[in-house]
Every structure is written in structure tokens, then in C-alpha cells.
2 protein chains.
Amino acid sequence: MTFEIKERDAAGRLCQFTTKHGKVTTPNLLPVINPNKMMITPKEMKKRFGIDILITNSYIIYKNPELKKQALESGVHALIDYNGSIMTDSGTFQSYVYGDVKLDPVEIVQFQRDIGSDIGTILDVFGTPDQSKATSEQGVQETIERARKSIPQKGEMLLACPVQGSVYPDLREYCARQLSALSADFFPIGGVVPLMEDQRYGDLVRCILAAKQGLDPSKPVHLFGAGHPLIFSLAVALGCDFFDSSAYAKYANDGRVIFQWGTEKFDDLKELPCSCPICSKYSVTELKELDVEERTIQLALHNLYVSFMELKIIRVALSEGWLWELVEQRASANPFLSDALRVFREPAHLQWLEQYEPTSNKTALFYTGPHTIYRPMIFRYHTRLFTRFEPLFHTTVVFPERTKPYSMFYSKEMKNILKQKNVNLVVSSTLGPIPLELDEMYPLAQSVFPMCVDQETKEKAQQVMSRFLRDTEVIVWDEHALITAEKPLGSPMDFDLRRISAVADMQFGRGASEALFAGRINIIKSTRTGKIRNIICDGFHVVSMRAEDGLFTLKINGGRRLHKRMKYPLLRVVVTDDTVPFVKEGKSVFAKFVSECDPDLRPFDECLIVDEHDMLLGIGRTLLARNEMLTFRHGMAVKTRESIKEG
Amino acid sequence: MTFEIKERDAAGRLCQFTTKHGKVTTPNLLPVINPNKMMITPKEMKKRFGIDILITNSYIIYKNPELKKQALESGVHALIDYNGSIMTDSGTFQSYVYGDVKLDPVEIVQFQRDIGSDIGTILDVFGTPDQSKATSEQGVQETIERARKSIPQKGEMLLACPVQGSVYPDLREYCARQLSALSADFFPIGGVVPLMEDQRYGDLVRCILAAKQGLDPSKPVHLFGAGHPLIFSLAVALGCDFFDSSAYAKYANDGRVIFQWGTEKFDDLKELPCSCPICSKYSVTELKELDVEERTIQLALHNLYVSFMELKIIRVALSEGWLWELVEQRASANPFLSDALRVFREPAHLQWLEQYEPTSNKTALFYTGPHTIYRPMIFRYHTRLFTRFEPLFHTTVVFPERTKPYSMFYSKEMKNILKQKNVNLVVSSTLGPIPLELDEMYPLAQSVFPMCVDQETKEKAQQVMSRFLRDTEVIVWDEHALITAEKPLGSPMDFDLRRISAVADMQFGRGASEALFAGRINIIKSTRTGKIRNIICDGFHVVSMRAEDGLFTLKINGGRRLHKRMKYPLLRVVVTDDTVPFVKEGKSVFAKFVSECDPDLRPFDECLIVDEHDMLLGIGRTLLARNEMLTFRHGMAVKTRESIKEG
């Protein structure tokens, strides 16, 4: 198995996963194939949806003498006539639905191995949401025990060990941690179907978050039984990689039609609000005229088209950096999903999410409603404002609330006057206070908010503002007020210097600006836009400012300065000795050669690459979060930009 | 031409429109066909999208001697090889884009008539958003003048007269009113492309609202130049019936791909987040391998699939009653659209919207965010609470805030105790105060809100609550408080009586309960649910309570009582003498036979059908708003349920 991060957003990832039967791009959906009765054949699915993976049930095969014989003789791939990756389930869900299934946990794993499943699943103990904690814990212990017994039997098969623990986050996390320690290959999150059936999405989020916090980040995570596209984006944002759908067939059998926003009864529809090939081919009337079995198949195909479409949208959002926007849009379709997003506001969860949140994004940050202000990116901005940014003067001039940073609303002359005063200049924005020095930095200049936001967003911004202004004398801006505010402290400080210092501290941590910019500074600006581009210090190019996000790209000379000033492990990615020569040649750093990483580094941060004795080897840009660097066996951890040649 | 409302929601309508060339269901989209260069032929469009109408440009045909000759000889339908309905534009947009087009306004109308256009358009004067009011007004006057001159020339062609007036609502409304008085057939709202290009959706909403307020409601309204699906639902909710898309081709030429949530550059996409037949057939790589022209056609087809899908979704939402939900979902994708929804909160706009808002809906009212609490349905509830509902006692017991009405949260015993006290019982909910008597009435029991709503919604609900409690002694509920609250006023009032009285007043107006329920009351309940079903008064069945929305269905005996008590024009739909015999036979009332209607009746309200001397003829359910009844020439206005037989 390989599993490698290719793109990322929120705490979600777009990965390449491989089994013996080929490559799969995640996030992805495994259609459930009933080996007894295939409504749609795997071949048809391959043709229509390009599926690379599916799931079938080993328990059903095992119980049916005919299927069992055939599967053991020619393998599960031949049995269902499919040569892509096949995952098998074990009968756990059947035990939940039908009661005890009388199955030997080890035997069913051996059986899955023997029929050539690519990913087998242990017979875990399904924990229901209404269980007591004691019962849950027993189930978790038994699940872990079965995993322990099953793993030695797996052979070449990948083994999925579901995380159980009912609605108890500590049990979920414990179970996840124990299973990770056993080196399972694949982690379903189990026992969540009843939560989804009752639309308890808030509890679902807590279960996923707890499991993720205990899991080895380098392994695929599968939200077991999640087949409705409504919740895919939310689960992906939390780091789920796989879903499975029996819903496409079950709903179709029931005459229910799946849509992005929910489910409709076929009989209620006067037309099909969809443009998939099925809905483009048939009108409702024509579908009604088909015989029941044929209509059911067509509805099932539609259900799959809609489900796979949502995954495509999610993968695009992941790559383009608007996954949170998508999650919030989907939540606007369902009040219970909306509740679920509130769970993210809990500080512990926000902190966990912030670790995986990329430093910047290709796409602007879009406001969707009251959830937006609590996004990890904004939480990070607020946090760093208090821990990394230092107001320079005693007096702060606050500009009236605007939805856009200062630069968009005030004239150039006005700006020039203001920049010459020795006062802090702060815009009271929807994102909270924006010191003028930071107004071109992601996400401040790259945010799109309406002119008028909701009350909750306003209050949150005001809260942060009051805290920010606590220790300074405050003047609300008007031209006259400004004259009073001016307290000449010698010659006015150069505004460009203020900007580069402030951004450096926000981006690299306090002290970074002193390290980078000690000496004679030469700021080179774009002749076209007038914006800062390169910063030369004592004749050395130390950093460049990126036009797209207003953050710095580090140059090797800047790296040397930061390395000298910022103590270990700050800004470091530490590589093992065997990879040192490669880094010196300018090669990028693969995750498996990373031995340590600054806990404050985030994906897409600029970083220092050092050896195990903290010798600077080069500088680059991280692609992974620390936890990922330390666990992934495949894929790049740092894209090296410049390295220090031997000697 | 016929134009007839079939389904409705918000201020939107699903209509059947007919021209000489057939039927069209609205809302609908007219693809723009360039007669010079058809990227996709009308036949292909008919086959793929089932289009029944399209738009082409008479100015382009007129300016090209070859096309002109052909069109005059064999008609525009033959010219573009399409036998459905064809609308033609006049060159106004070209004059806006390229400056003066030197065209005689009357001649171009005659030309459109002569080439057999189904709907021709006058050469109106395009008003830009940056115009002064004086310039705008001149343009409006000239547009009206041209309409006046053009109408006599239209022959059998329907004539579209665009509403202009730049961003000045009074000019828009004036223009609409004048054009309506001239009996134009079809009303585009013109001059809005620059607003859409700048995403000034708030201004767009003001333009549409102003135009609609001046327009004859019985004529189709076309939002000229609106081709992006993002705004379709919003415009439909305000009563727009048609859109046109040149965007599908223009964007495709530009390598841009249209999606529900916005636009993406084809070159940026690693996969196509869509399941339309094009995106199901080709991968991004395969599309890139096509030659440019062929790829452009495929992207244009995709753009049309997405656009028509949105219209299908809208039509389903209209029929099922979740159009506001859809509008709010779409607004969550775009901050500028979100701003536009705030325009609806202005009291004058809310009042206008409320007139068209149906009395109840098949679908529950879903919370999507801070806009929800300002929906016309909730505005109506709050208004009626203060104008139609009367608290019975001096003391009000308030139940702690819940997102669901009382009945969902308190036990049966508790309810029984509470119902026997002589106090007002009110739940403090997300929708504001809910007197227990009303808790099964639409939309209160049929609302789905999250457990935790946004600050703005909370504050709005609290505001209404404080106003509601202003004149009573308030006790926040707990069991002990209740004992204090009890002030025996004789025997406790029967709660069922309280419920039916309160609902009758809310639904029919103050005094209705006294009229309906004076006498010996017998309440028949469902044996299964225990809910009120039929109410017999002095032996006569006066009303039934509907299970789905907790509102009353009127019986003829209830109608007689209301007719006696409620003065003209309350609850009346007045029909002309020639239709009286038909109503007496139980036939439904067609709009063209309605001569007056109570301004307080809403679509789907129970009503009294009377003749012009206020003689009661029967009772029924309205299908139209008053303004629609008085203007529409086609379709049903009231579905008669019971009538009074002759003699």
C-alpha cells in the first residue's frame, strides 16, 4: 500500500492510494456491491463513473455455499467480475441490524484474505449511540482484541480496523490510538450509521474529530456507512478519505432520489432537478412508464451520478482551497448540519483544525454566514495578532468598520498622510482589527465579505477588536481627531519597514523581523503595482513578498538569519542523516526522512531544513503538517527551494 | 398568448405560457442563438435540453443582407431551422455595447413582425447604472414613446417592452406602470447587465422589485441578459419568468465553465465537478486533447446543462414550496448575493413580498442562516400575532427558549397541568413567541431550526417576544412559579376551544372565531393522533383542521357564519354575474371572472365566493394573490369546494 497527500485544504486531503489492484484518488466513494444481487454491475460502474474501488460483503459470500466456493476457487475479483481494488466488509453491520451473526472473528479475516480481498475488515463490535459508556468500552476493548488477533492473519491483504466508541470522544480517541499502535492499514470510523439516520451531525463531528485525533494520520480513514452526499464535504474537511454507498440502491428500491441538498420522493417529483445522463435521457413521465425494476436501476444510477458529482466538487474545492466554503454552503441546506458546524468553535477542536489548515490558498476566503468567522484560518489570524504582532505606538487610530481592508476604501493621499503619523493604524473590519501593516496579507486582502454581515460575525469581530485595543489610547478616525493624535516621536517611521516587520513576525514568529531585517534595508517594489517585491538586507536578498498572498518567500540568506536567531526547533524541519546529501543537491524532502518538525509549522509554510545537529541545509516550503511529516511513508514533506552546497 | 399560473412559491410562479409556436413552462431560459454563427444548433438544443423557446437577434439579421433576405422570404423559424417559440431582440444591447446603432425603432419592430418572430422587442433605450436621474428619465420617456409607436405595428407578434430606469426605483416603477398601461405583452427588465457584471445584486433586486411593483402581474417578466444560474433562484423568487443565456457560449469561448456556485477557469480544473452528459463522457484530459473549437462546443453544452439544471431545481422548489430555502442556499455561495437578500428586510419590500407568499407549503420551513427569520412567512406570522391574536389572561407563562414548539419538548402530563391554568402559555422560540394555542399551525410546527441559531435570529425573536409580552405579567416557567401564577378565574378554559379560536382569528382575522364558534361546540379528534379534525357548531360542520398545516378548511356552514359576521370585502372573492351559475354548480372560478378580492387574502387562503351584490355563492381556496386575480385572463383564481345550490 502507498498513501500519499497530493493536495489539501481544511483538515482534508486529496491523496493517492494504491492497492495491489491499482491507484485510487481520495476522497472517494466505494459503491456497495451485493454479491447476491447486483443491481448495477461493477463493469457498468467502471464505465459510467470510472470507479477504481468498491466494497462488497465477505459475510454474505461466506454464508452462501455457492458464492463461498466460487470465491475461494477463483477469488473475489472473479466472483464479481471486477479487477480494480476491492474492499470487503466483515458482517459487523449485519450483526448490528440482525443481531448476533455467529461468526469467528479471525476466521472471517482469513476468509477475506483467502478470497483475495484488497482491503479486508476485522469483525469489530458495533457500538450504538444509546450504549452506556461501560458497554461501549467493553466493545472497544473487544474490537482492539480482535484487531490484535486478526492482524497476524492478514497476509498480503490490507486490514481495516474500525474505530468504535459510541458517542464517547475519549473512547473513540482511545480506540483510534490503540488500533494505530497495532499498525492497522486502514481505519473505518464505525458505528455512525444510527447518528446519520437521526441527523445527529454534531455528534457525528465529535466522533470523527475524536477518532482523527487518535489515528495515525498517514493511514486512510473511511466513514463507514456514509452514503449521502450531503455530509461528504463536512467529513472530508475533517480528514475522512473514503465513503461507501449502499444508499444508492437502498434509496432507489424505496423510490427515493438523492440530491446534493437531501432526498426527494420520486413520486412527488414533477421533473427531475438534475442534468446527469439519466435525468437528461428520461423525463419523469418516461421513468414512470418503465417497469419497476428498470426504473429502480435508473434511479440508482442517478443516485450514484449525484454522489460522485459531489466527490468531484469536493476534490476541486480541496485543490482550489474552498473546502470550508463548500462545507458551509452545504450546511445552509440543513439545519442539523448547521448545528454540526458549531462544534468546530470549541477551542480544542479549533486548535486541532488549525494545525492542518494551510498557510494560504489559491482562492479568496468567502463569507457564507455566521460560521465563517470561526474558520481555523481566522482563528489563526486572531491568535497570531495577540501572540506575534506588537503595536508600535501608544495611540491607535481606528477606521470605521468596513468590510474590506483600509486600502480599498481610503484614497492614496489619505493613506500617505496617515502613514507618516507615529500612531498605530487599525481598520475595524469584519475579520476584527486589521493593522494597516497587515492589510495585504492572506487572508485579509483576500477575503470577500458582504457589505453587511450578520450580528454574530460583527460581535465576534468587535470582541477581538476590544481586546486588541485594550492597552492603547484609541481615537476613532476623522481628520481632526488625527491632528490631536499626532504625537511626534522623532521622524515618522517608514511605513514599508513597518509592513515588512509586521508581516515577518506574523508569518515566522516574534523576533523574525529583527533577524531578517537587521542592517541596511533596500526594498524593491513592482514598478507596475507599487507593491513590495524583494527585500535586500546588507546587500543580500533575504525574502520576497508574494503578490498573491502578501506573505514572504524565504531566500537562503533570509534562512541563515532566521536560523541564527530563532532557536531550535523553531521553523525547522529536521531530516535524517541519510537524506542530507540529497537536500544539499537541492532535492526535496520526503516525509519518511523527516525526524522532527517545529510544532508551529503549518502546511505551505516557509521553513528551514536542518540536519539532526541543527546544521542548516536549505530552505523550502512545507507540504505537510508536522504530524503528517512524522508518520507518512510516502510523498514529499518539504519542497526544497534553495540549499547550501557542500563546503 | 396565454399565460397561466400553475404553481407558486415566494413571489415566484410556475406558469404555462403559449405562443403561436407552442407551450413553454416558466421559469425558463432562452438560449441566445447567433444567426451568424451557431455554436450549437437549435435542433441540438431541442434534443439535449428539450428547449421550447429561444432568443435570437433581429438586428444582426437585419444588418446582414443575406440573412435579411432569407428571413423575409421564409421566416425566422426557417432561417435558424427551429419550429418552437422564437423571441427576437432589437439591437438595444448592441447600442449599449457598440454605441449608436442607427436603427429606426418602428422599422425594427415591423421587421421582427415580418420575419414571423413570436415575441419581438421594441428598440428601448438602455439605461446604465452610472446615469444621472435626469438622463435616465429621458431614456425612460423615450422608451415609453417608442413602445407607444411600436405597439400598433406588432400585428400577430407578441411585443416585449423592456422596463428601463437605471438604478432609480421610482423610474423603474413608473416605466413599468406606463408600459403596462400600453398593454405590452411581455416585459423584459432591461439595463441590468452592468449590475450583474459588477455583482451589484442588491441593486439588481431593487430594480426587479420596483419593476414588478409597477408591472401588470399577468404578463411574463424576463430578466434581460441574466445567464448565470447563480442568480436565477433569486430572480424567480421575485417573480421573474424568463432568462436568456448568451453566457453559455461567451464563457465557453473564454475557457470559462459555469457552475451553480459561480464560474471556474477550464485551465485551472483538474477534473470537472459535474455529472452532466458532457462531464460524464469526457475527462479534463480528454477535453484538453480536443481541438479548440470542439472543446468550446463541449464547454458550451456543459454550461447549458448546468443552467437548465438550475431551472429544473427552481421549478421543483417552486412546486414543493422551498424556493426561499433555495435562494438562501445560493446566497451562501456568494457574499454579494448575501447582501442582496438584506434588501428584502426593508418593510415596504417585505409587505410586497408577503402579498404573494402562499398561506402554507408542502415542505417544512428550513432555517438556512440569518436571512431566514426575515422571510415573508415569518413576517406575516409576527404581524398577525399583533393584529389578530389576543392574549386571554393577565398572566403569561413563558417557557425557556427552544428551537421547537412546546409540544416537542414537554411531557404530556406537564401539558395537561398547564392547559388547565388560566394563564397565557407562550414558548420562547426561534420564531419569536409561540402561544401554545398556535403551536400546530403553519409554519410553527413545520419549521426546522438548528438547536443553536445565529445571534441575529435570536435577537429578532427576542425583540418580537418583548413586544408581545409588553402588556402582561410575565412568569418564566418552572413548576413553583406556576403555582404563584395561578389566579383562578372560575373554571379553567377548555384548551381545545382556546386553540380553535386562536387559529381561526390568525387565519381569518379577528372576530372569525366568534362568528364560527358561537353555539354548542363539538370537537371531533383523530382517534389515532388525538389531534383536532372537525368542528361541529350547533350541529353544523363549520371547519376542519388540516393535519399537515394545522389550519382550517372552511365548510359551507362555516362560510355562511363568516359571511354574516365579517363585513365586505373581508374574505371575499367577488365574481362577475356571468359566472354566477357556474359557481353555483360547484365549478371553480377563473381569474377573468373575478371583479374584486379582499386585499388581505393570500394564495391558498380559504375564501368566500360572492356575487357583485355580496350574495354568498360558495366557499373555496384561492390560488392567486388579489393582484393576479384582477389581471390574469387565464387560469383558475379560486378552487371552489362547496357551493350554495339555487333556491
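The values are calculated or read from the model by the stated rules, or taken from the named source; none is laboratory data. Keep in mind the model is a prediction, meaning the values are calculated, not measured. Every residue, glycine as well, gets a Cβ built from its backbone with ideal geometry; the counts of neighbours run over all protein chains shown. Note: areas computed on protein heavy atoms with side chains; ligands, DNA, RNA excluded. Shrake-Rupley method; radii C 1.70, N 1.55, O 1.52, S 1.80 Å.
Odds and ends about this structure:
- Extreme residue, farthest from the other protein chains (Cβ to nearest Cβ), among residues of segment B:450-472 that are polar (S, T, N, Q) and under 14 Å from B:THR372 (Cβ atoms): B:THR457
- Meeting the requirement of 3 or more residues that are of a type in the set (Lys, Arg), no strands (runs of 3 or more DSSP E) wholly within segment A:520-586 can be named.
- The residue that is modelled with the lowest pLDDT, counting only those in segment B:489-498 that are open to solvent by 20 Å² or more (accessible area, probe 1.4 Å) and in contact with a helix residue (DSSP H, G or I) (Cβ under 8 Å, 6 or more places away or on another chain), is B:PRO492.
- Here A:THR285 fulfils each of the conditions (1) more than 10 Å from chain B (Cβ to nearest Cβ); (2) open to solvent by 20 Å² or more (accessible area, probe 1.4 Å); (3) in contact with a Lys or Arg (Cβ under 7 Å, 6 or more places away or on another chain) apart from (3).
- Sole residue being assigned to a helix (DSSP H, G or I), open to solvent by less than 10 Å² (accessible area, probe 1.4 Å) and modelled with pLDDT of 95 or more, chosen from B:ILE297, B:ILE314: B:ILE314
- Evaluation of A:PHE393 against (1) at pLDDT 95 or above; (2) closer than 30 Å to A:VAL476 by Cα (one fails), failing number: (1)
- Selection within segment B:255-281: residues that are in a helix (DSSP H, G or I) and not basic (Lys, Arg). The member of this set that is nearest to A:VAL327 (Cα to Cα) is B:ASP268.
- Residue count for segment A:384-401, restricted to those that are touching a helix residue (DSSP H, G or I) at 6+ places or on another chain (Cβ under 8 Å) and in a helix (DSSP H, G or I): 3
- Residues in segment A:323-342 that are over 16 Å from A:VAL236 (Cβ atoms) and in contact (Cβ under 8 Å) with a residue 40 or more places away in the chain: A:ALA333, A:ASN334, A:PHE336, A:ASP339, A:ARG342.
- When residues of segment A:81-103 are limited to those that are touching a Leu at 6+ places or on another chain (Cβ under 8 Å) and not polar (S, T, N, Q), the one surrounded by the most Cβ atoms within 10 Å (Cβ to Cβ): A:ILE86
- Within segment B:167-212, restricting attention to residues that are open to solvent by 10 Å² or more (accessible area, probe 1.4 Å) and in contact with a Phe, Trp or Tyr (Cβ under 7 Å, 6 or more places away or on another chain), the residue that is modelled with the highest pLDDT is B:TYR201.
- Between B:PRO347, B:PRO358, the distinction of being open to solvent by 20 Å² or more (accessible area, probe 1.4 Å) and farther than 23 Å from A:ALA331 by Cα belongs to B:PRO347 only.
- If you filter segment B:41-59 down to residues that are more than 14 Å from every other protein chain (Cβ to nearest Cβ) and open to solvent by less than 40 Å² (accessible area, probe 1.4 Å), you find that the one that is farthest from the chain's Cα centre (by Cα) is B:TYR59.
- Hey, A:TYR367 of a type outside the set (Gly, Ala, Ser) and more than 9 Å from chain B (Cβ to nearest Cβ) or not: no
- Taking first residues from segment A:509-527 that are over 29 Å from A:THR383 (Cα atoms) and partners that are part of a strand (DSSP E or B) and small (Gly, Ala, Ser), no Cβ contact under 6 Å between residues at least 6 apart in sequence or on separate chains turns up.
Here is a yes/no grid of residues against (1) in contact (Cβ under 8 Å) with a residue 40 or more places away in the chain; (2) over 31 Å from the mean Cα position of the chain (by Cα):
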| residue | (1), (2) |
| --- | --- |
| B:GLN94 | no, yes |
| B:GLY99 | no, yes |
| B:ASP118 | yes, no |
| B:VAL125 | no, no |
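- Selection status of B:ALA300, within 9 Å of another protein chain (Cβ to nearest Cβ) and either more than 22 Å from A:LEU318 (Cα to Cα) or in contact (Cβ under 8 Å) with a residue 60 or more places away in the chain (or both): no
- Within segment A:263-282, the only residue that satisfies the criterion of being open to solvent by less than 10 Å² (accessible area, probe 1.4 Å) and of a type in the set (Gly, Ala, Ser) is A:SER275.
- Residue tally, condition under 27 Å from A:LYS270 (Cα atoms), of a type in the set (S, T, N, Q) and more than 7 Å from chain A (Cβ to nearest Cβ), over segment B:307-360: 4
- Pick from segment B:1-40, criterion aliphatic (A, V, I, L, M) and assigned to a loop (DSSP other than H, G, I, E, B), ranking: most open to solvent (accessible area, probe 1.4 Å): B:MET1
- So A:ASP614, is it out of contact with any Ser or Thr (no Cβ under 6 Å at 6 or more places or on another chain), modelled with pLDDT of 95 or more and over 30 Å from A:SER319 (Cα atoms): yes
- Failed condition for B:ASP124, given (1) at positive phi; (2) open to solvent by less than 10 Å² (accessible area, probe 1.4 Å): (1)
- Residue within segment B:288-296 that is in contact with a helix residue (DSSP H, G or I) (Cβ under 6 Å, 6 or more places away or on another chain), within 30 Å of A:PRO27 (Cα to Cα) and more than 10 Å from chain A (Cβ to nearest Cβ) present: yes
- Complete set of residues in segment B:144-154 that are under 16 Å from B:ARG177 (Cα atoms) and free of Cβ contacts under 8 Å to residues at least 40 places away in the same chain: B:ILE144, B:GLU145, B:ALA147, B:ARG148, B:ILE151
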